[in-house]
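These notes concern the structure reproduced below.
The values are calculated or read from the model by the stated rules, or taken from the named source; none is laboratory data. Note that the structure is predicted; figures quoted are calculated from it, not measured. Please note: Cβ atoms are built from the backbone with ideal geometry, for glycine as well, and neighbour counts cover all protein chains shown.
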């Protein structure tokens, strides 16, 4: 029997598929055996091409910032799924629910009461100097007391396979459309395997999201209107915006489509103004309302903030959530869990050093070549130093930046992210580093899509998984139940 | 529907129709010049100058190309020059850009047809045009645009999106047909005796052909090809799809569909203006119009189409929100 994994190199990292060379973990055994039946790599490459073509045909694309306006690329998709067994998922789910509860309570507290600051658990200065703290909102009543609705926490596994939270994304986390599209493609390419594995469906996400949005509408409105607010067609995530709007059957609007009259929000239609009650906004706080936030914003809606403050319109996510995904505030999330819930964190943070703390600053500066340094408010893999992969000049450059503005940086040890076998151009299977972004919805109850976005750093040796930096994605299979020793089914017909 | 979306689809249709008519105008002139033969050499500036005036872009042209009007300069200006906002390439590029913004509301095929056309057209230039010959090249262009209309017709649901598409298309057509007619006005005949001569007939036949109206004309009106009869046909034939009256009537119907569901929009300025223009066209006395000056009359039609356009914008797109109707 030919073995596509015969030359697979394990390395010193946690391998998602293999416990040891040639020995697949129980939840990967079925896949291992199925692939073993393939004639050779050519068959797998055929399926990879089928998948790629499907993405192009379906227009699943993103725009790269540095390219000119018309350039669209597909987010590279890797055929070999990341499989999460049921017991692992149950653990992740408990941890993520706990974290969401604590983050919501923290935001509620920060904007109304500030008990956690008064008790000195989180330094007041840390919050007040956070770029994403919106003092305009302190004391303002918000829909259903939900201070954050959607979190895309980024998770990683270290060399021992331990899951931890790398960062939270509480503003406008993106990528969920790829999760849904990846699954559609996998259904075409490996239909029977998905069924045999009893993979939990992800398709309910848009329905759950719509229910959440409707739940936020002002109470007196019998049939609320929900819209998705996009920065426009040139935004890198526009595909996702239009995808989600279509899936939910809601209107996709730009800032110029909305007007505020008498502190109420309307959209401009050909037959007049139509009231809007809930806005799923995919625009950062800064750009929402030029009369309150950035004056030069052409993307936003003048007067929107006042309409929001008066409770005439709900925003998802609410304004000001960014204060909790500041990477320096992240450091305090385990303390928040303890403080608000009286529990120990189920999912740990990565060990983190704050350059704002004098003692930790010394450590950071002495150990830069070993550390990952991140700017506290950047996302997308920008503004980041990976010490072991950087030149002396890059390190010195960061050293100067950190000294100039210590509050703006954190450092973490370089974690050897877990690896998952991936199909490599040219026709081999090699281990590539991956991370994971689940999507947590906080509405009437907390709901977590059983699955999420597994990003893979397709460049050999790279630890950066962002799409803007050469990353791709994999379908994530959360299993309905743990199959320890699955029977070998008959070979499925290849559907191309 | 959202005003922005309505405006995008309306402009997309206008740009496409303008692109098609630009191709037609260049085509009719290329044919007219061939027919002039010995009387005026084909590269006589006089043979190409009219186009520059007819499209209303003369200032831009002289600014870019100087005072010497050549066949090549005019063709480049009208077909391939992106600095000319009404050139074929500019129109198609803008139409594509608009389509891109509402791509998720058009069907995939509608967008792809236009995108493919644009990507092919992008690298074309005068050399390519000359290589294929004007007739063949422009015919291909027209076919591509017709293909788009075919796909759009069979794919776009008959919602506001479609009616704004038709509204844009037919208003632009009314304007453009008046400009094609005007080309003839600028083609100065050698002397008065030439009216009704063989050359005159040839020229009118060319004008009709540029609207693909020659055979339709022959079928519907027996007898002579002359100024009065051709003008009558292109101004107000009720059944020929490129006549001005037909285009205005279609635009009126599309507007009727748009306002059918909103009582407060039934009798708006654009509806009144379109109705008036249609009535005027139905009533005109063609010999009198010609006697008073065809060019002035055509100019007047263009002004009225512009007024309708502005009224549409004011009613559906740029209306004042403080006094706007609020839907419950």
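Table for the structure above
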{"item": "When residues of the stretch A:230-248 are limited to those that are crowded, with 23+ Cβ neighbours inside 10 Å and without any contact (Cβ under 8 Å) to a residue 60 or more places away in the chain, the one nearest to the other protein chains (Cβ to nearest Cβ)", "result": "A:241"}
{"item": "Only one of A:324, A:328 that is in the same structural domain as residue A:132 (by TED's automatic domain parsing) and in contact with a strand residue (DSSP E or B) (Cβ under 8 Å, 6 or more places away or on another chain)", "result": "A:328"}
{"item": "The one condition in (1) at pLDDT 80 or above; (2) within 24 Å of residue A:426 (Cα to Cα); (3) part of a helix (DSSP H, G or I); (4) in contact with a helix residue (DSSP H, G or I) (Cβ under 9 Å, 6 or more places away or on another chain) that residue A:49 fails to fulfil", "result": "(4)"}
{"item": "Residue tally, condition surrounded by 19 or more Cβ atoms within 10 Å (Cβ to Cβ) and in contact with a helix residue (DSSP H, G or I) (Cβ under 9 Å, 6 or more places away or on another chain), over the stretch A:465-482", "result": "8"}
{"item": "Wholly within the stretch A:344-424, strands (runs of 3 or more DSSP E) carrying at least 3 residues that are crowded, with 18+ Cβ neighbours inside 10 Å", "result": "A:371-375, A:409-413, A:419-424"}
{"item": "Criterion (within 14 Å of another protein chain (Cβ to nearest Cβ) and modelled with pLDDT of 95 or more) met by exactly one of B:111, B:162", "result": "B:162"}
{"item": "Total residues in the stretch A:300-321, condition touching a strand residue (DSSP E or B) at 6+ places or on another chain (Cβ under 7 Å), under 17 Å from residue A:285 (Cα atoms) and not in a helix (DSSP H, G or I)", "result": "8"}
{"item": "Complete set of residues in the stretch A:483-493 that are within 20 Å of residue A:44 (Cα to Cα) and either in contact with a helix residue (DSSP H, G or I) (Cβ under 7 Å, 6 or more places away or on another chain) or modelled with pLDDT of 90 or more (or both)", "result": "A:488, A:489, A:492"}
{"item": "Options A:260, A:199: the member that is touching a helix residue (DSSP H, G or I) at 6+ places or on another chain (Cβ under 9 Å) and more than 14 Å from chain B (Cβ to nearest Cβ)", "result": "A:199"}
{"item": "Condition broken by residue A:288, with the remaining ones in (1) more than 9 Å from chain B (Cβ to nearest Cβ); (2) more than 20 Å from residue A:151 (Cα to Cα); (3) in contact (Cβ under 8 Å) with a residue 24 or more places away in the chain satisfied", "result": "(2)"}
{"item": "Where residue A:206 falls short, out of the listed (1) within 21 Å of residue A:312 (Cβ to Cβ); (2) under 22 Å from the mean Cα position of the chain (by Cα)", "result": "(1)"}
{"item": "Members of the stretch A:157-203 that are assigned to a helix (DSSP H, G or I), farther than 30 Å from residue A:283 by Cα and touching a residue at least 40 places away in the same chain (Cβ under 8 Å)", "result": "A:186, A:188, A:189, A:191, A:192, A:193, A:194, A:196, A:197"}
{"item": "Odd one out for residue B:98 among (1) within 14 Å of chain A (Cβ to nearest Cβ); (2) without any contact (Cβ under 8 Å) to a residue 40 or more places away in the chain", "result": "(2)"}
{"item": "Helices (runs of 4 or more DSSP H) completely within the stretch B:238-320 that count 3 or more residues being over 30 Å from residue B:226 (Cα atoms) and touching a helix residue (DSSP H, G or I) at 6+ places or on another chain (Cβ under 9 Å)", "result": "B:244-259, B:269-283, B:294-312"}
{"item": "Selection within the stretch B:45-74 - over 17 Å from the mean Cα position of the chain (by Cα), in contact (Cβ under 8 Å) with a residue 60 or more places away in the chain and part of a loop (DSSP other than H, G, I, E, B)", "result": "none"}
{"item": "Residues that are farther than 30 Å from residue B:315 by Cα and either free of Cβ contacts under 8 Å to residues at least 24 places away in the same chain or within 14 Å of chain A (Cβ to nearest Cβ) (or both), drawn from the stretch B:263-292", "result": "B:285, B:288, B:291, B:292"}
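Residues are listed down the side, and each one gets a yes or a no for (1) in contact with a helix residue (DSSP H, G or I) (Cβ under 7 Å, 6 or more places away or on another chain); (2) free of Cβ contacts under 8 Å to residues at least 12 places away in the same chain; (3) within 11 Å of another protein chain (Cβ to nearest Cβ); (4) surrounded by fewer than 18 Cβ atoms within 10 Å (Cβ to Cβ):
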site	(1), (2), (3), (4)
A:205	yes, no, no, no
A:217	no, no, no, no
A:271	yes, yes, yes, no
A:279	no, no, no, no
A:294	yes, yes, no, yes
A:307	no, no, no, no
